[in-house]
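Taking it in order: structure first as structure tokens, then the write-up.
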Amino acid sequence: MEIYLKNSEKTYRSIGWIIHLVAWGIVFCLPFFFTGRNMEEVTTERYVRFIIVPLSFMALFYLDYFLLIPRYIFVQKTGKFLLVNAVLIILTMIVVHALMQLLPPLEMEMPPRPMPDATEITLFFLRNAMMYALVAGLSVAIRITARWYEQESTRKELERVRVEAELKNLKSQLNPHFLFNTLNNIYTLILLSPDRAQCAVHDLSKLLRYVLYESNLPTVAIEKEMDFVRNYVELMRIRLPESTDLKIAIDVQEAGLLIAPLLFISLIENAFKHGVSHSGASYIWINLQESEGSVRCDIENSYFPKDSADRSGSGIGLTNLRKRLELIYPGKYTFSAQREGASYHVKLNLQIK
């Protein structure tokens, strides 16, 4: 991450200096843009007189940019910054005026203007002071913007690393949670039918291969995720009582779409945990559909809440799912899970394209 941040900062600064060079190049070439038939020719004497002011602008700009802004603005000493700049502007105008007086006068075709009065001199210096103040303000704006961009780039990269670390932590919780429930199912099946248990172990190996290898990727093909869901449901079907009505419908219209792995397993596990009764009729209806890059997951099941002594799953499934959705698909999903009488409804709409 440190290397990435340094490269990003280096690239940004290179682009920034190119912009600085272009901007100052335009300023120093302004006299050449206004030469022509009805314009005065740019002589050495005229150009020397012209560049004194842009050079003073540049000196004030970079003195603020590199020294005064970090020293005062960044540490909340705005008053001192304004005071120092006011002194600098006055000194700069005095130096510029002195340099202009030292240069030989230009040959004028028109008769010289009369000496200005006090009002004209005051307005002249006020106008120049405003120009220097604008230069200082521009320096502050550009420097603060550059600092904000650097801080924002750092913040985004740190956020990305934090998200990746949290996702890895969530997966490390999810995988044992999934394995714990599935092994419980096979343990029950071994007592009922060893042959069917052997087939179940084979099916479990395929599921674990997906969990251990495919789920390490940030995204997987949606058809693989749906196959995982289908296989898991069929494995869970083995231990269901005959009184449980299990229906699953999966429809993917566009293969190859990428989706974060293991998004639906917590919802399905929750349905099997709370939706099955061994003493009466129960049902679990699962509907997964993809259309135009939008995935809809609707799950409805009968609701038989477990008592406080039942710690299977430890309740981390839905909590992890909400965190993952917020981290991976912020603003691109809607999720609701609520009880309605003797039923429990879960709806997840997710935009992945």
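Rg over Rh for segment 169-351 works out to 0.94, using Cα positions for both radii and the Kirkwood form for Rh. Comparing T182, A281, L246 along the charge dipole axis of segment 169-351, the residue lying farthest to the positive side is T182, per the Cβ-charge model.
Residue by residue, segment 77-89 carries 3J(HN,Hα) couplings of 10, 5, x, 5, 4, 5, 5, 4, 5, 4, 5, 4, 5 Hz when phi is fed to the Karplus relation 6.51 cos²θ - 1.76 cosθ + 1.60 (θ = phi - 60°); x denotes Gly or Pro. Remark: segment 49-55, residue by residue, has Karplus-estimated 3J(HN,Hα) of 4, 5, 6, 4, 5, x, 5 Hz, where x stands for each Gly or Pro and the curve is 6.51 cos²θ - 1.76 cosθ + 1.60 at θ = phi - 60°. Using a 7 Å offset from Cα along Cα-Cβ at A133, what residues in segment 86-103 end up with backbone N under 14 Å from the label point? Within reach of a label on A133: 86-90.
Could you tell me what percent of the DSSP beta bridges with both partners in segment 240-300 are antiparallel, to the nearest 5? Let's see the in-between values first.
Values: 7 of 16 bridges.
About 45 percent, rounded to the nearest 5.
In the structure shown, the pairs K206/K323; K156/K347; K156/K323 are assessed against 24 Å; a Cα-Cα span above that value is assigned to K206/K323; K156/K347.
Report the gain in length on full extension from H202 to I90: 0.36 nm times residue separation, minus Cα-Cα distance, nm rounded to one decimal. Display every interim value, and only then the final one.
Details: separation 112, 0.36 × 112 = 40.32 nm, distance 8.54 nm.
The span from H202 to I90 would gain 31.8 nm if fully extended.
For segment 169-351, give me the percentage of DSSP beta bridges that are antiparallel, rounded to the nearest 5 percent. Restricted to segment 169-351, the bridges split so that about 75 percent are antiparallel. Within segment 277-295, which residues have the backbone N less than 14 Å from the label spot 7 Å out from A342 along Cα→beta-carbon, could you tell me? Under cut-off, by backbone N: 277-284.
Only the coordinates and a few stated rules stand behind these numbers; no lab work does. Note that the structure is a prediction, hence the values are computed from the model and not measured. A quick note on method: Cβ atoms are made from the backbone with ideal geometry, for glycine too, and the neighbour counts reach across all protein chains shown.
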